[in-house]
Every structure is written in C-alpha cells, then in structure tokens.
Amino acid sequence: MAESVDVEVANARGRMSEMDGYPHHWVGPFPTPGTPAGADPTDSPGAFGAALAELALTIKRQGAGTDDDGKALAVIAEGAVSAIGGAQHAAVVVLTAAGQLEAPAAHGDLPALILQLQNEIGEGPTLDAVTQTGQIVLRDVHTDTRWPAFTAGARQWGVRSILCTPLAVQDEVFGSLSLLSTQPDAFDSESAVLAAVFAAHATLALSGVRQVRHLNAKADSRDIIGQAKGILMERHKLTSAQAFQTLIRLSQNHNIKLRALCEQLTSTSELPGD
C-alpha cells in the first residue's frame, strides 16, 4: 500500500511539473472536498488546502523578482482547470487603465473570445467581477437575463457556464479568476467554494510578487538617489543632507520627479538649468 502511494505521489508531482514547468513538492494530486469511506486520505479538504498552499508558494518562489508575471499567472490559470470541477477553460483577467479586459494568462481558446466580446459591448460577468469583491456565477447563457447582449454573443462559441471569482485583498481587487465551460450549470456550490479558495491563494501569491517588485523598485531608487547625491557632494563640497535638499529643490522647481532628475544627473552629469 505504501509503495502504491509513493508511486501516485511521484506521478502527481510529474503531472504538475509537466503542466507548469515548476518542481513540485506537495505529496499528492489536487484532491476534492469530501472523502468517501475507504478513499485515499489525501482526498480531503485539508489536502486540497495543502495543494493550493504549495501552488501559491511555487508562484511566489518562481514569480518574485522576474520582469513579468506571465509564468506565475499561467500556473494559476492551468492549475484552476486541473483543480476545480467543471472548469474547461480559465483566465486570469485584469482591467486596464483604459477600462478594457485583458488576460495576462489563459488556458484554452474561449477566454480570449469572451473577453473581446465584453470589451466590444461593454457588459458581461467578467467586467462586473473585476470591479467588485463578490463571486459571479452564470449558470447557463441560454437562460441568464443579466447581460442579454453578452449571452447572445457567447452562444456562438458554445459557452454555457461561467464562474468569475475576484482576486482581491479586502476591498482591493487585483483581477478575476474566470472559469468557462461548454456544459450548462457546470459549476455547483462545491466548485464555487474551491474557486474562492484557489483565488485566495493565487491572490496571496500575486501580492507577494508585487510586494517584492515594489521593494526592488524602492531599492533601485535609493541607489540612484545615492549616486546623484555623491556627484553633488563631490562637485560642490556638500554634505549628504545638503545634496539631498538640493535634489529635492531642483525636482520641485523644474517639476521633475526626483528619480528622473537623479537618473539624468548620473547618466549625463548635468542638471536642469546647467
């Protein structure tokens, strides 16, 4: 029995590694809630939570400090289809500054079509999901009346069910984990709960990536400012505090951001007005 479990563990790790290209260390496949009598004990709510925690940590380890979120977001989209019952297609969706839906990562062909449709007509479940913290379930596009233009257009691609779960920390929404199915009423209450749990872990991972990048950006800014101060201190025999105040004053007088001013000084040795 122990040997068969070990084989299953190895197979599960292999499946996850093939899916997202990352090494996985969790001890089983994605389980579902509810463990029938005699079933493998890894098929439990606690084990499902452990799987999601492993996925979140993987995203944080691999995504933090990179130039883009592409690979981390791909893990979220593909993992959601693997883990959540009823899901055939998935996308991590964000809202651009221009108010357009954009999917940095998607699994399957339907998400791009569905997002483009909502961008063109200005309505739909995903548009609503990226502006609120509540989960949205569209059970059947043939009978739902909330977005008539959207449901009429979505039928041409065979879309029947959609589940949108905001990626949010308190009241701040990062985006939406949007799941699609060609089957009507594909997402039951269990799917909705698992999607919410999965989205929560994904949000934590994305928040970690953003936090690391923010700290890296701050460190870069401090380095540039330090170099600019050094130039002024050497050139004008100023103290560190005097050099910094000079940079602040020039930034305000010329309406230039402090970092941009310092970058100009370090790259050209010139300041505005020189």
The simple spin-label model distance between LEU238 and THR143, using points 7 Å out along Cα→Cβ, in nm, is 7.2 nm
Binned at 10 Å from 0, what are the whole-percent values of the Cα-Cα distance distribution for region 75-193, short to long?
15, 52, 31, 2
Within the P(r) computed for region 216-268, what percentage of the Cα pairs occupies the region above 14 Å?
48 percent
Using a Förster distance of 35 Å, how high is the FRET efficiency between GLU172 and ALA260, based on the Cβ-Cβ distance and rounded to 0.05?
0.80
Phi to ³J(HN,Hα) by Karplus 6.51 cos²θ - 1.76 cosθ + 1.60 over region 116-133, Hz, x for Gly, Pro:
4, 4, 5, 5, 6, 9, x, 8, x, x, 5, 4, 5, 5, 7, 10, 8, 9
With labels modelled as points extended 7 Å from the Cα through the Cβ direction, what inter-label distance (nm, one decimal) is found for LEU113 paired with ALA97?
3.3 nm
Once amide H atoms are built 1.01 Å from N in the peptide plane, which residues 5 or more positions from ALA105, or in another chain, come under 5 Å H to H?
VAL92
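A short reminder: the numbers here are calculations on the coordinates, not readings from a lab. Because the structure is predicted, anything quoted here is derived from the model rather than measured. Counting neighbours? That spans all protein chains shown, and the Cβs are built from the backbone with ideal geometry, glycine included.
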